[in-house]
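Single-structure report; data block below.
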Amino acid sequence: GQQVMQIPQYQHVQEGEDFTTYCNSSTTLSNIQWYKQRPGGHPVFLIQLVKSGEVKKQKRLTFQFGEAKKNSSLHITATQTTDVGTYFCAGRSGGYNKLIFGAGTRLAVHP
Amino acid sequence: NAGVTQTPKFQVLKTGQSMTLQCAQDMNHNSMYWYRQDPGMGLRLIYYSASEGTTDKGEVPNGYNVSRLNKREFSLRLESAAPSQTSVYFCASSFWSQETQYFGPGTRLLVL
């Protein structure tokens, strides 16, 4: 079945350092979504990527969708303490109705 | 708009007890979902309802049943709770199944 793998599981950075999380699928994805979950909170939608090679930016966050539509990344420039949380990717293969979530990357930012 | 609401927020059950988790959305969404979240395992889909009147199994449906009561409400029932069902349960909804999902605040369930 469809699998979405996410690495690293945990990342600890100093405030101001950059951070990247990677998402890989065993199958070609029709789209990929990214969510953020603050500690004790619920997942909140960040962005959706649909096109091969697509790059989207939200302030300090840069999202990429691979050319083969099997991988994606989220890069945060100059992390801040407000970036703390778990970042999930979630993908769907064509013809497969369900969104499959990666296990998430937990980001800790130390001031 | 309240978005997606879930009740209860916390629950402690003894093994073998039953309970129903309630979920409601006021965004006129067609699709609704139940996930469980366990440490290191991300979000796993239990059941979903692509539209009113339909329900389908997700990755981990065993031990659960669901009811799509109407367009707004989607409940999750544990008939005979087991310690392995200790988890955080999230309900989510989306306009259609391909689109952005909006999550409720979650129910933290402990089964002793």
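The values are calculated or read from the model by the stated rules, or taken from the named source; none is laboratory data. Remember, predicted model here, so these are calculated numbers, not experimental data. So basically every Cβ, Gly included, is an ideal-geometry build from the backbone, and we count neighbours across all protein chains shown. Note: areas computed on protein heavy atoms with side chains; ligands, DNA, RNA excluded. Shrake-Rupley method; radii C 1.70, N 1.55, O 1.52, S 1.80 Å.
Here are the numbers:
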read-out	value
Candidate set from region B:86-104 (those that are in contact with a Phe, Trp or Tyr (Cβ under 6 Å, 6 or more places away or on another chain) and hydroxyl-bearing (S, T, Y)); member that is farthest from the other protein chains (Cβ to nearest Cβ)	B:S93
Any hit, region A:35-44, residues being within 12 Å of another protein chain (Cβ to nearest Cβ), among the small types (G, A, S), in contact (Cβ under 8 Å) with a residue 60 or more places away in the chain and open to solvent by 20 Å² or more (accessible area, probe 1.4 Å)	no
Restricting region B:75-85 to residues that are open to solvent by 50 Å² or more (accessible area, probe 1.4 Å) and of a type in the set (S, T, N, Q), the residue that is farthest from the other protein chains (Cβ to nearest Cβ)	B:S80
A:F65 vs. criteria under 22 Å from A:G40 (Cα atoms), out of contact with any Lys or Arg (no Cβ under 6 Å at 6 or more places or on another chain) and in contact (Cβ under 8 Å) with a residue 12 or more places away in the chain	no
Residues within region B:10-24 that are outside any strand (DSSP E or B) and either within 26 Å of B:K71 (Cα to Cα) or among the polar types (S, T, N, Q) (or both), tallied	3
Cross-chain or 6+ apart pairs with Cβ under 8 Å, region A:1-27 first and at positive phi, then of a type outside the set (F, W, Y)	A:G16/A:A78; A:G16/A:T79
Candidate set from region A:9-34 (those that are loosely packed, with under 15 Cβ neighbours inside 10 Å and within 11 Å of chain B (Cβ to nearest Cβ)); member that is farthest from A:A90 (Cα to Cα)	A:Y10
A:Q64, sole failed condition from (1) more than 17 Å from B:Q98 (Cα to Cα); (2) within 12 Å of another protein chain (Cβ to nearest Cβ)	(2)
Residue that is surrounded by the fewest Cβ atoms within 10 Å (Cβ to Cβ), among those in region B:25-65 that are in a strand (DSSP E or B) and more than 14 Å from chain A (Cβ to nearest Cβ)	B:N65
Condition check for B:R72: more than 23 Å from A:G40 (Cβ to Cβ), in contact (Cβ under 8 Å) with a residue 24 or more places away in the chain, surrounded by 14 or more Cβ atoms within 10 Å (Cβ to Cβ) and in contact with a Gly (Cβ under 7 Å, 6 or more places away or on another chain)	no
Residues that are touching a strand residue (DSSP E or B) at 6+ places or on another chain (Cβ under 6 Å) and open to solvent by 10 Å² or more (accessible area, probe 1.4 Å), drawn from region A:45-67	A:F45, A:L46, A:I47, A:Q48, A:V50, A:E54, A:V55, A:K56, A:R60, A:L61, A:T62, A:Q64
Residue ID - surrounded by the most Cβ atoms within 10 Å (Cβ to Cβ), chosen from residues in region A:81-100 that are at pLDDT below 90, in contact with a strand residue (DSSP E or B) (Cβ under 7 Å, 6 or more places away or on another chain) and within 17 Å of B:Y47 (Cα to Cα)	A:L99
